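Reading through the structure tokens given below for one structure.
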Amino acid sequence: MNQLPTIQAAQNDADDRSDVRKVLVVGASGGSGRAAVAALTAAGHHVTAFSRHADRLADEFGDIATINGDVMDRDDVDQAVAGHDAVVVTLGITENPIRVQLLGPKRTPLDVRSTGTRNVIDAMNAHGVGRLVVQSSYGIGPTRGSLGLTDRLFFALLVKKQMADTETQERIVRSSGLDWTLVQPVHLNDDADGPDAWRSTTGETREMKVSRTVVGRTVSQVVTDPTLSYETLSVSG
């Protein structure tokens, strides 16, 4: 595991704003992770990107720290979490869902969400890091009953295994003892930036698609919003 630049170097220009946090983004190389890194950086936070190839983000984003590591490796995660104020988790499997359903994933463990998040929580408890924001998926846990027929079929036929692991991930988060928020976006896309998302703690939604960029901005806002502690936040267009 390597770190370029060091966390300390990324903090040398720290200002006195009370809302600035040292935030670790786990799963930073994926689309959602990149969006979270971009939004957190734009908001002035000191961001560390953690993934197997986090160093590739150094040229894409200016003043961030990067740590190459495997979320399935407890030692990698422990070292990454130390020294931060908050952790954002954006884990997932980006491979073809049909292939994953039939043959299993090729590059990423099927339990990456649950086991990776458990490793993060253990490290946070060990280092006294309290704030946890986890990007999950709409239709998990308390919003399961709000899915329409098409989405229920999609979950059952194409992403059943991934959703089962996400259910486990959410249970782990809720029982973590940390100051947590679960962010559940509806169908994600890579559309250009738009207005702020429709947000609800009761499972309500509007358009059943939302830009990753908009969700990233929502995640950034949630990190420092104490009113959303212990809430499941639905995010839609």
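Values for this structure:
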item	result
Dipole of the chain, positive end: most advanced residue of Val81, Ala49, Leu178 [Cβ charges, Cα centre]	Leu178
Segments 129-137, 22-30, 160-168, 204-212 sorted - mean Cβ within 10 Å per residue, highest first	22-30, 129-137, 160-168, 204-212
Relative exposure of His46, His53, judged by other C-beta atoms within 10 Å (fewest first)	His53, His46
Dipole magnitude of the chain about its Cα centre (Cβ charges: Lys, Arg +1; Asp, Glu -1), debye to nearest 20	880 debye
Stokes-Einstein D in µm²/s, Kirkwood radius over Cα pairs - the chain at 4 °C with 1.567 mPa s viscosity	73 µm²/s
Reach of Lys160 by Cα under 28 Å, taken over lysines that are not fewer than 8 positions away in the same chain	Lys106, Lys209
For the range 130-192, radius of gyration divided by Kirkwood radius, i.e. Rg to Rh on alpha-carbons	1.01
For the range 125-237, average projected area of the Cα convex hull in nm²	7.4 nm²
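All of the numbers you see were taken from the coordinates with simple rules; none came from a lab. These figures come from a predicted structure and were not determined experimentally. With ideal geometry, Cβ positions are generated from the backbone for all residues, glycine too; neighbour counts draw on all protein chains shown.
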